[in-house]
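Shown next, in structure tokens, is the structure this report addresses.
Any read-out appearing in this document is the output of simple, stated calculations on the displayed coordinates, not a laboratory observation. Keep in mind it's a predicted model, so treat the numbers as computed, not measured. Quick reminder, even Gly has a Cβ in these numbers, built from the backbone with ideal geometry, and neighbours come from all protein chains shown.
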Amino acid sequence: MSTIDNINLSSSPNPVVVPINKSAQLKATNRTRPGVEILPRKPKFGPFDKINKYWAMGNPAVSFGQSFFSLVIPEGEKFFIRTVNAVRDQITDPELLEDVKAFAKQEGVHAKYHDDFNAHLVKYGFDADAITRDANQLFTFSEKIFTKKAALAITAFAEHITAMGAAMEFRFPEFTEDSDPKAVEFWHWHAAEEMEHKSVAFDVFKEVGGSYFTRVGAIVGFGAISSVFFPRLVLRELKGFKNHQSSEVPIPLSRIARKYPGINMRMAKFGSWYFMQYFKPNFHPWNIDNSHYIDEWKSENPNVNYA
Ligand SMILES: [Fe+2]
Ligand SMILES: [Fe+2]
């Protein structure tokens with residue numbers, strides 16, 4: 001198994017696989033994972049109303065990108081749940097069915113929490129209703145034109161991308177150092193759960209006989225549709241964000257680059273390596289073992305409530 005630390009980018013610790021906690025609230029499914037449970041949680045973050053406009057690294061570009069992503073997430077996660085549930089009657093493996101339940105529960109909670117987080121971004125010029133409407137249109141259109149298997153392949157790929165982003169959050173703490181601590185706490189919880197369930201959609205896709213051709217072809221098809229939907233949406237939201245007057249002093253990208261020398265290259269190198277793994281014919285999400293990040297997050301957050 002290649003591990004996330006095999007590529008020589010920094011001196012991150014070796015992966016540590018912690019034995020399954022027998023007292024866990026959900027049955028441990030452990031289908032393909034190295035001792036990792038999928039545990040839906042309901043942490044208490046308190047109100048997000050003090051989240052600043054430049055909450056991500058103090059930088060406007062990064063904050064806009066992350067905020068926009070956050071605003072798209074709820075519709076995306078509802079789509080992920082629907083595409084997995086659409087083939088649920090073809091799943092015969094009881095452990096995988098347990099995984100599907102836990103996956104849907106985690107994504108459902110994520111969507112609700114992001115709605116809370118996003119509600120406070122509206123004051124910075126975002127048109128959340130328009131983003132939700134457009135994202136919903138993109139995903140429902142995709143469900144109409146793709147087969148169930150191809151729509152599921154889009155979810156499997158999206159899960160790979162979110163798992164990559166989650167791994168980067170933990171691998172590059174510089175990325176969150178100048179960010180709003182409440183936002184970091186929130187995003188780290190989401191990231192840890194994304195890593196827990198990163199193989200579920202992929203496993204379901206394989207279970208229903210998804211081929212390599214469909215897995216890759218669906219990415220190309222969805223990419224083409226998104227390229228029609230998204231640019232207009234991004235430009236409109238960017239206009240609202242820029243027009244919002246803020247007294248916050250932004251941290252320019254040049255200062256971030258000086259503070260963390262080489263961070264851009266290291267992140268780009270790691271991100272492209274992670275991204276490309278998906279295109280290997282024998283890829284499986286747990287070929288990249290980043291379970292140690294989940295263990296670290298769990299040991300730092302022992303008192304979260306379970307959903
Ligand atoms: Fe999620
Ligand atoms: Fe996910």
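Computed values, structure above
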| item | result |
| --- | --- |
| Reciprocal mean inverse distance between Cα atoms of the chain - Kirkwood radius, Å | 20.2 Å |
| Mean separation of Cα contacts under 8 Å (6+ apart) over length of the chain, as relative contact order % | 33 percent |
| Partner lysines for K149 [C-alpha distance under 29 Å; skip if fewer than 8 residues away on the same chain] | K27, K78, K101, K105, K112, K198, K206, K280 |
| Candidate aspartates and glutamates - alpha carbon under 14 Å from K259, same-chain residues fewer than 8 apart omitted | E174, E177, D178 |
| For D289, residues with placed amide H under 5 Å, excluding near neighbours | T3, I4 |
| Alpha-carbon gyration tensor eigenvalues x 5, square-rooted, for the stretch 156-292, Å | 31, 21, 15 |
| q = 0.21 Å⁻¹: log10 I(q)/I(0) that the Debye formula gives for the stretch 124-232, counting C-alpha atoms only | -1.16 |
| Among A150, M168, Y124 the positive-end extreme of the charge dipole of the stretch 71-189 (Cβ point charges) | A150 |
| Nearest-0.05 FRET efficiency for D89 and L238, computed from C-beta distance (R0 51 Å) | 0.75 |
| Relative packing of 78-85, 222-229, which averages over residues the other C-beta atoms within 10 Å, highest first | 78-85, 222-229 |
| Value at 222 nm in deg cm²/dmol, rounded to 500, when DSSP H runs of n ≥ 4 in the chain each add -39,500 (n - 2.57) | -20500 deg cm²/dmol |
